[in-house]
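J.: The following block contains the structure, expressed as structure tokens.
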Amino acid sequence: MIFSFRQILSGLLFCLSISNLNVRAADQPSPVRYDTLAGALPPLIKAQKTPYIVHSNIEVPPQKTVTIEPGAVFLFKNFSGLHVRGRLIARGTVDHPIIFTSEFDQSCNHISERDPNPFDWDGIYMTNDALGSQFSHCEIRYSVYGLISDTKLIRLDPVLFKDNGKNVIVIENEEIAIPDLPFRHVLSQNDPELLKYAVEFMRDPLQTKRTLLRTGSALMILGGIGITSVFAHKWYNSYNRHKELSSDTFENLNQDYGNEHWKDAKKKWIRNMIIADGGILLTAAGVYGIKLSFSF
């Protein structure tokens, strides 16, 4: 088969075009994957290299404490927001602020092809049970209302409100105009409301559970150590007795203990070993309980 010059040239051009497409495909960056959030938040939200995408409302559950690490970024989709029904501790730093913003905020979402706008997401709503919540070095951008709090027993120190739909926030039914500068809301120690609710403001809603868990765990540790100490000694003696009855020494063979003595010694050895091991497991469970009490 004889190919013409035109056919050969066309084939070469086709191969070059395919190779160019492959090179372009190889140059394309791999798609960025963001973790998603929805519903009740876990006790700790860690900062990541990529932001969190909030698909629907997220909330701090009642009587729970949620802590956000410095540098965490939340990208909210339309009609989503943050509801705080427990205590939220969001302490950022100057170099690593915590940011709540629109999914289209290109300064945080580099793959967004749209520009962010005010009213892109709802905002942060805090109930009366959110007392004791703290926002430090946080930014709230492109939301509808920024922040609404039914209680003034919160701390904003400082929070930057930027490009939100409303230029006011609401704290305990009072509208407060927001400047372009970072905003602070810190109650004076002499504030009568703070003095009135001082105990409740400082209380930890999970302190009772923590105390009960730690007390029970400490008792388990002490009990486990005691059981292990006593029955480890008994196990050692019963093991030696069983070993003695099992030996083929002249002294042992000369004394007629019988098979029942040997079986009884073996039962005691195994029983003491099991109880001693149970004491070790009880101690380990107590240690785990102590560790667990610091996780919520």
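J.: Can you find a residue that is closer than 17 Å to VAL54 by Cα and among the charged types (D, E, K, R) anywhere in the range 80-90?
T.: Among the residues of the range 80-90, not one is closer than 17 Å to VAL54 by Cα and among the charged types (D, E, K, R), which makes the answer no.
J.: Being among the charged types (D, E, K, R) and either over 16 Å from CYS108 (Cβ atoms) or out of contact with any strand residue (DSSP E or B) (no Cβ under 8 Å at 6 or more places or on another chain) (or both) is the filter here; which residues of the range 70-94 pass it?
T.: Looking only at the range 70-94, we keep the residues that are among the charged types (D, E, K, R), and these are 77, 85, 87, 91.
Residues satisfying the conditions are ARG85, ARG87, ARG91.
J.: Which condition does ALA90 not pass, out of (1) part of a loop (DSSP other than H, G, I, E, B); (2) in contact with a Cys (Cβ under 6 Å, 6 or more places away or on another chain); (3) of a type in the set (Gly, Ala, Ser), if it passes all the others?
T.: (1)
J.: Can we say PRO205 is at pLDDT below 90 and touching a strand residue (DSSP E or B) at 6+ places or on another chain (Cβ under 9 Å)?
T.: Values: at pLDDT below 90: yes; touching a strand residue (DSSP E or B) at 6+ places or on another chain (Cβ under 9 Å): yes.
So PRO205 passes the test.
Conditions (1) surrounded by 20 or more Cβ atoms within 10 Å (Cβ to Cβ); (2) outside the structural domain of THR67 (by TED's automatic domain parsing); (3) out of contact with any strand residue (DSSP E or B) (no Cβ under 8 Å at 6 or more places or on another chain), marked per residue:
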{"site": "HIS110", "(1), (2), (3)": "no, no, yes"}
{"site": "TRP121", "(1), (2), (3)": "yes, no, no"}
{"site": "GLY132", "(1), (2), (3)": "yes, no, no"}
{"site": "PHE135", "(1), (2), (3)": "yes, no, no"}
{"site": "GLY146", "(1), (2), (3)": "yes, no, no"}
{"site": "ILE154", "(1), (2), (3)": "yes, no, no"}
{"site": "ASP157", "(1), (2), (3)": "no, no, no"}
{"site": "LEU160", "(1), (2), (3)": "no, no, no"}
{"site": "ASP163", "(1), (2), (3)": "no, no, no"}
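The values are calculated or read from the model by the stated rules, or taken from the named source; none is laboratory data. If you're wondering where the values come from, they're calculated on a predicted model, not measured in any experiment. Heads up, the Cβs are rebuilt from the backbone with ideal geometry, glycines too, and the neighbour counts pull from every protein chain shown.
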